[in-house]
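Read through the structure below, which is laid out as structure tokens, and then see the notes.
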Amino acid sequence: MSAQGPGTGRTGPGVPDPGVPDPGVSVPGGAGAGLGIVVPAVFVVLWATGFVAARLAMPHVPPLGFLALRFAATLLVLAPLILVARAAWPDRRELGHLAVAGLLIQAGYLVGVWVAVTLGMSAGLVALIVNLQPVLTALWLAYGRERIGARQWAGLALGFGGVALVVAHRVDTDRLGAASIAFAVAGLLAITAGTLYQRRHVPVFDLRTGAFVQNAASLAVIAPLAAWVEQGPWVPTAGVWIALAWSVLGLSIGATFLMNMLIRRGSATRVASLFYLVPPVTAVQAFMLFGEPFGGLAALGMVLTAVGVALVVRS
């Protein structure tokens with residue numbers, strides 16, 4: 001790995017790196033267009049694997065303890081990368097904003113989703129609730145007088161309808177309780193507020209040191225909470241270790257880095273609309289890995305979701 005910090009576009013003090021485009025700057029020609037397609041696609045595929053990792057780990061470990069271990073392991077991976085690359089650390093103001101955004105995006109969202117499922121809410125219903133994020137983002141921006149066009153509103157509605165079709169067969173309300181609903185809604189509010197907050201207050205930062213700050217802040221809150229409220233057994237199966245390794249490398253580093261790049265490059269509505277694609281991609285992954293049913297209704301939902309997102313992100 002070069003000493004270039006993601007988002008700085010430099011290999012050393014004052015030396016531009018022509019081979020690594022700055023994610024915060026438009027790239028002329030075909031390179032920018034390619035990044036505009038590849039980065040969102042890879043992000044969606046990686047983010048969708050979070051539900052697969054949860055399925056591997058959750059029956060065997062308590063959710064908060066697993067998340068605390070995930071945050072700690074991420075710090076251990078990031079630390080040597082930061083030292084070798086001599087990555088730039090944020091100043092005091094940026095550090096505070098990154099910590100707040102990390103608590104919302106990392107701790108708030110993940111705790112909301114994992115605990116809701118642990119309390120009995122089906123993964124399909126959780127996915128349906130948290131995928132109200134694009135609509136919630138658009139409503140907030142419209143309230144703030146940022147123009148959301150009719151085509152984008154239509155795309156948001158169509159995308160949510162597609163998500164509903166994809167997860168329809170997974171929605172189970174038999175064990176639905178007020179606590180699980182509250183955690184799912186809290187996860188929705190956290191991821192929405194976190195992305196909006198980060199884009200407003202600290203849109204540009206070194207992705208490595210920024211991720212370190214966000215995971216450290218999340219660990220500082222979740223680890224004591226897990227020690228206080230959780231007493232569930234730990235069964236260190238192979239699936240748990242696979243889920244942990246992938247959660248660190250594929251999600252906390254890979255997917256989160258890409259999400260931060262997208263927040264930097266695009267409008268909040270466009271970035272949020274990509275989350276509509278997560279449940280369809282997750283459904284395909286679950287079908288391929290676990291043999292979960294994937295019928296014609298889900299396939300139709302995927303098509304509608306893709307069309308809806310295309311309407312939102314189209315220039």
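The values are calculated or read from the model by the stated rules, or taken from the named source; none is laboratory data. Quick caveat, the model's predicted, so the values are computed rather than measured. Glycine gets a Cβ as well: all are built from the backbone with ideal geometry, and neighbour counts include every protein chain shown.
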### Task
State whether the residues of the range 208-218 include one that is surrounded by fewer than 23 Cβ atoms within 10 Å (Cβ to Cβ), farther than 23 Å from residue 270 by Cα and small (Gly, Ala, Ser).
yes
### Message
I'm told residue 148 meets every condition in (1) under 17 Å from residue 281 (Cα atoms); (2) at pLDDT below 85; (3) touching a Leu at 6+ places or on another chain (Cβ under 7 Å) except one. Can you identify the failing condition by its number?
### Response
(1)
#### Entry: Among (1) buried (at least 19 other Cβ atoms within 10 Å of the Cβ); (2) over 25 Å from residue 64 (Cβ atoms), the one test that residue 153 misses
(1)
### Query
How about the range 44-81: which of its residues are of a type in the set (Ser, Thr, Tyr) and at pLDDT 95 or above?
74
### Query
For the range 69-102, how many residues are under 22 Å from residue 191 (Cα atoms) and exposed (fewer than 14 other Cβ atoms within 10 Å of the Cβ)?
1
### Query
residue 190: assigned to a helix (DSSP H, G or I), closer than 26 Å to residue 95 by Cα, in contact (Cβ under 8 Å) with a residue 12 or more places away in the chain and over 20 Å from the mean Cα position of the chain (by Cα), yes or no?
no
### Message
Take the conditions among the hydroxyl-bearing types (Ser, Thr, Tyr), within 22 Å of residue 181 (Cβ to Cβ) and assigned to a helix (DSSP H, G or I) and apply them to residue 137. Does it pass?
### Response
yes
### Query
Would a scan of the range 143-153 turn up a residue that is of a type in the set (Ser, Thr, Tyr), in contact (Cβ under 8 Å) with a residue 24 or more places away in the chain and more than 22 Å from residue 249 (Cα to Cα)?
no
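Counting only residues that are in a helix (DSSP H, G or I) and either buried (at least 22 other Cβ atoms within 10 Å of the Cβ) or acidic (Asp, Glu) (or both), how many does the range 193-205 have? Lay out the reasoning, then the answer.
Our first condition is that a residue be in a helix (DSSP H, G or I); within the range 193-205, this holds for 193-201.
Next, from what is left, pick out any that are either buried (at least 22 other Cβ atoms within 10 Å of the Cβ) or acidic (Asp, Glu) (or both): 194-195, 198.
Residues flagged as in a helix (DSSP H, G or I) and either buried (at least 22 other Cβ atoms within 10 Å of the Cβ) or acidic (Asp, Glu) (or both) within the range 193-205 amount to 3.
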### Query
Any residue in the range 109-118 that is assigned to a helix (DSSP H, G or I), among the polar types (S, T, N, Q) and over 16 Å from residue 257 (Cα atoms)?
yes
### Query
Looking at 117, 111, which one is under 15 Å from the mean Cα position of the chain (by Cα) and not small (Gly, Ala, Ser)?
111
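Using the structure shown, decide if residue 84 is among the hydrophobic types (A, V, I, L, M, F, W, C), part of a helix (DSSP H, G or I) and modelled with pLDDT of 55 or more.
yes
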